[in-house]
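Scroll down for the structure; my scribbles are underneath it.
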Amino acid sequence: SSTGSVFPDGFLWGGATAANQIEGAYDEGGRGLATSDFAPFISREANRGYEGDPLPHNAMTREMLDDALEHPEKWNLPKRRGIDFYHRYREQLAELAAMGFKVFRMSISWSRIFPNGDDAEPNEEGLDFYDAVFDECHRLGMEPLVTLCHFDTPLNLALKYGGFKSRHTVDAFERYAETVFSRYKGKVKYWLTFNEINNVLTNPFTCSGVVLPDPNDGTHNPYKGDWAMKYQVSHNQFVASAKAVIKCHEIDPEAKIGNMVCRLENYAESPKPEDQLQVLFEDHFNWFYSDVQAKGEYPYYMKRFFDENDIHIEMEPGDEETLKAGTVDFVTISYYMTYIMRYKGEPVPKPSGSLVSAIKNPYLEASEWGWPIDPLGFRITLNHIYDRYHLPIFISENGLGAVDQLDENGYVEDDYRIDYLKRHVEQLGEAIKDGVDVFGYAWWGPIDLVSSGTSEVSKRYGFVSVDLDDFGNGTHKLGRKKSFYYYKKLIASNGADL
Ligand code: P53
């Protein structure tokens, strides 16, 4: 490897995005509506009000959805606008390439390809758009790493079938996956199936197209959720993911396909054995997702939870074989923070998604959104994952959302972001020295974009700034923050120059 660097040669440095958070143009190019087009803006003040209260931010009920469909003008729906990547991808990608990016993680908007999810033919204009984007990535020396479904199920599938509650949606997904694998064969080497597949537990609408009837019926509450439904949806998505893996290998044997989980690393609140036991329970709820996708079968530890909670997974004939045949080539995670566990007396899946641990870690500082900053936890989690699967790991997301005071050039001295990056890359290097096989690192939101949890643009992650506010005002002019130059130097030295 290059002088002074612990990172292997060819390490994929770069950044990650999602269609629903950057593209905009929600009603152009033949695109159909997606669940993400109904994720309302939630102000920082309102968001703060949720602290300690396990309500997901981007929950959408039937009632809210109907209202937003009928009176969109009453709602601020920033994911319809994104950062206008659809029209401005050339200049935006050029800025990322200027930092020396080797990889650009993005997602395809399913409803650009199949506007209703279950159309007879794909939308050629949508297919063309991604051809152009992938070509541009290659021209700029960046490998596209593409998520099939990142929180944006076609709305029609949500309304007609309850999204992934139904096997119809599984079939539609397989068809969509097959279509893009064939179309982009040779152009895309790395694929991911579902973004943060485990977030169905807290955000079934966003993640899986499940329209919830009523916010007070318990389905929104991660402690009291409708577990039977959520685990059935999980099963259906496991099958959909495995089918996509199988198709991908058939269509393009050169391509590699991975999964993506929101990694929840848990610490016990105290040395009390009961707290350790709670950690074990909570770990299981998180490992469950990567265990099924990486090992191809249901782990032993879920059976008791399912039995005691009257959860009966409906499997179709062949599902078990599909899961076994459709294991992923590599494992990917998002890593933002760690969580503290206190004994609850029974195994109860904890909140994930945009929800921070209810118990604060006194040893850690937190972001302005209350997300604890824990670089050592990154090293710990990487070792745990590698120990469990011995599969190559890609970091799909890691990053810091902050309020930036941008000057008239879109510049800000964002030392807080540099510090977060530096400390996490340091620990990534330690994990590699420990022997963990990591082949790439994608910073979440290398260009400012729309937040997933709250649809804020003012929760900025970027090294590149975008002149845009939470209400769609702004020129879209791009700027380079101090962190832009830091990351550029870091990449140029293959991680040696921190
Ligand atoms: P935002 C919550 C906690 C950890 C990861 O999140 C999460 C979420 C979802 O809100 O999701 C991932 O934008 C997700 C991205 C998202 C990013 O983390 O809420 O895959 O789409 O933007 C950061 O600050």
| remark: Of the residues in segment 282-310, those that are closer than 27 Å to Ile340 by Cα and over 23 Å from the mean Cα position of the chain (by Cα) come to Pro299, Tyr300, Tyr301, Met302, Lys303, Arg304, Phe305, Phe306, Asp307, Glu308, Asn309
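Between Asn47, Asn58, Asn20, which is buried (at least 17 other Cβ atoms within 10 Å of the Cβ), within 26 Å of Phe164 (Cα to Cα) and at pLDDT below 95?
Values: Asn47 fails: within 26 Å of Phe164 (Cα to Cα); Asn20 fails: at pLDDT below 95.
Residue meeting the stated conditions: Asn58.
Taking the condition modelled with pLDDT under 95 and under 25 Å from Met229 (Cβ atoms), does Asn361 pass?
Working: modelled with pLDDT under 95: yes; under 25 Å from Met229 (Cβ atoms): no.
Spelling it out, it is not the case that Asn361 is modelled with pLDDT under 95 and under 25 Å from Met229 (Cβ atoms).
Within segment 428-445, does at least one residue satisfy the condition of being among the small types (Gly, Ala, Ser) and within 15 Å of the ligand (Cβ to nearest atom)?
So the first thing to find is which residues in segment 428-445 are among the small types (Gly, Ala, Ser), and the list is 429, 431, 435, 440, 442, 445.
Now drop any that are not within 15 Å of the ligand (Cβ to nearest atom), which leaves 442, 445.
Within segment 428-445, one or more residues are among the small types (Gly, Ala, Ser) and within 15 Å of the ligand (Cβ to nearest atom).
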| message | Need the failing condition index for Gly435 against (1) among the small types (Gly, Ala, Ser); (2) open to solvent by 30 Å² or more (accessible area, probe 1.4 Å); (3) touching a Phe, Trp or Tyr at 6+ places or on another chain (Cβ under 6 Å), just the number. | response | (3)
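Residue-by-condition table, conditions (1) among the β-branched types (Val, Ile, Thr); (2) in contact with an Asp or Glu (Cβ under 8 Å, 6 or more places away or on another chain); (3) at positive phi; (4) open to solvent by 20 Å² or more (accessible area, probe 1.4 Å):
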position	(1), (2), (3), (4)
Asp283	no, no, no, yes
Tyr289	no, no, no, no
Gln293	no, no, no, no
Thr327	yes, no, no, yes
Lys344	no, no, no, yes
| query | Looking only at segment 127-159, which residues are open to solvent by 10 Å² or more (accessible area, probe 1.4 Å), in contact (Cβ under 8 Å) with a residue 40 or more places away in the chain and either of a type in the set (D, E, K, R) or not in a helix (DSSP H, G or I) (or both)? | reply | Asp131, Asp135, Glu136, Leu140, Gly141, Glu143, Phe151
| So which pairs qualify, if the first residue must be in segment 18-30 and in contact (Cβ under 8 Å) with a residue 60 or more places away in the chain, the second must be part of a loop (DSSP other than H, G, I, E, B) and basic (Lys, Arg), the Cβ gap must be under 8 Å, and the two must be at least 6 apart or on different chains? | Gly24/Arg81; Ala25/Arg31
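Can you name every residue in segment 313-325 that is open to solvent by 60 Å² or more (accessible area, probe 1.4 Å) and either among the acidic types (Asp, Glu) or assigned to a helix (DSSP H, G or I) (or both)?
Glu314, Glu316, Glu320, Glu321, Lys324, Ala325
Take segment 329-341 and flag every residue that is part of a strand (DSSP E or B) and either loosely packed, with under 14 Cβ neighbours inside 10 Å or aromatic (Phe, Trp, Tyr) (or both). Walk me through how you get there before you give the answer.
Narrowing segment 329-341 to residues part of a strand (DSSP E or B): 330-334, 338-341.
Result: Phe330, Tyr339.
Name every residue in segment 245-281 that is in a helix (DSSP H, G or I), of a type outside the set (S, T, N, Q) and surrounded by fewer than 23 Cβ atoms within 10 Å (Cβ to Cβ), in order of residue number.
Ile246, Lys247, His249, Glu250, Ile251, Pro273, Glu274, Asp275, Leu277, Val279, Leu280, Phe281
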| said: Checking Val233 against (1) within 23 Å of Trp110 (Cβ to Cβ); (2) outside any helix (DSSP H, G or I), only one condition comes out false. Which one? | reply: (2)
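Determine whether Val239 is farther than 23 Å from Glu397 by Cα, in a helix (DSSP H, G or I) and away from the ligand (no atom under 16 Å from the Cβ). Let's see the steps before the verdict.
Details: farther than 23 Å from Glu397 by Cα: yes; in a helix (DSSP H, G or I): yes; away from the ligand (no atom under 16 Å from the Cβ): yes.
Against the criterion (farther than 23 Å from Glu397 by Cα, in a helix (DSSP H, G or I) and away from the ligand (no atom under 16 Å from the Cβ)), Val239 qualifies.
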| query | What tally of residues in segment 12-39 results from selecting those that are away from the ligand (no atom under 16 Å from the Cβ) and either in contact with a His (Cβ under 6 Å, 6 or more places away or on another chain) or part of a helix (DSSP H, G or I) (or both)? | reply | 0
| query | Which one of the conditions (1) modelled with pLDDT of 95 or more; (2) open to solvent by 30 Å² or more (accessible area, probe 1.4 Å); (3) within 13 Å of the ligand (Cβ to nearest atom); (4) of a type outside the set (Lys, Arg) does His390 fail to meet, given that it meets all the rest? | reply | (3)
| Of the residues in segment 399-423, how many are free of Cβ contacts under 8 Å to residues at least 60 places away in the same chain, farther than 24 Å from Ser43 by Cβ and in a helix (DSSP H, G or I)? | 2
| task | Could you please give the count of residues in segment 449-490 that are open to solvent by 10 Å² or more (accessible area, probe 1.4 Å), in contact (Cβ under 8 Å) with a residue 24 or more places away in the chain and not in a loop (DSSP other than H, G, I, E, B)? | result | 6
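The values are calculated or read from the model by the stated rules, or taken from the named source; none is laboratory data. All of these numbers come straight from a predicted model, not from anything done at the bench. All Cβ positions, glycine included, derive from the backbone under ideal geometry; neighbour counts span all protein chains shown. These area figures cover heavy atoms from the full protein model, side chains too; ligands, DNA and RNA do not enter into them. Shrake-Rupley method; radii C 1.70, N 1.55, O 1.52, S 1.80 Å.
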